[in-house]
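Note sheet for the following structure.
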Amino acid sequence: MEDWIMAKLSEGYSRVKSGIDSGRHSREELAERIKDAAINRHKDIEALLDNLKAARIRSGRDQAAQLRRATVARSNEVRATLNGLKSNRARESKAYHEKADAFMRDLTNGVAALLASFATANHDRASSLHRSFSEYARDRKHAAAIWHGKASAHH
């Protein structure tokens, strides 16, 4: 009987050992699958991050290129606007100076004409006064001659 018990015990130990070995083997397989899954997940995340980084770099380059084009376009617009304003200012300044020059010419000509008319009027007045004074002087001379008894026939 002892052999039988020993056989049964041996068989039980064998089953327990087999169960332990099977459990250990299952845990090792599970640990290996978990490790493989973690490695695969790590690789997937690295690939995703690499793709995101590459996309961000491409997007950044595209945005930088668009910003450079927009900056160049805006700079050209500003330059064209400033050139237009400068051209308008030059045109208006030229027109203003032409008007000012014309005004000054008209004013100078008007003053010259006024001075000429004053000179003519003064000359005419001086001539008239000279004639009046000459006639007055002759009348006085003649009156003095008459007064002194020397009447002149030239009067």
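The values are calculated or read from the model by the stated rules, or taken from the named source; none is laboratory data. The structure presented is a predicted model; accordingly, all values stated were derived computationally and were not measured. All accessible areas refer to the heavy atoms of the entire protein, side chains included, with ligands and DNA or RNA removed. Shrake-Rupley method; radii C 1.70, N 1.55, O 1.52, S 1.80 Å.
Observations on the structure shown:
- Of all residues making up segment 1-44, the number that are among the β-branched types (Val, Ile, Thr) and open to solvent by 80 Å² or more (accessible area, probe 1.4 Å): 3
- Only listed residue being assigned to a helix (DSSP H, G or I) and at pLDDT below 95, chosen from Glu46, Glu11: Glu11
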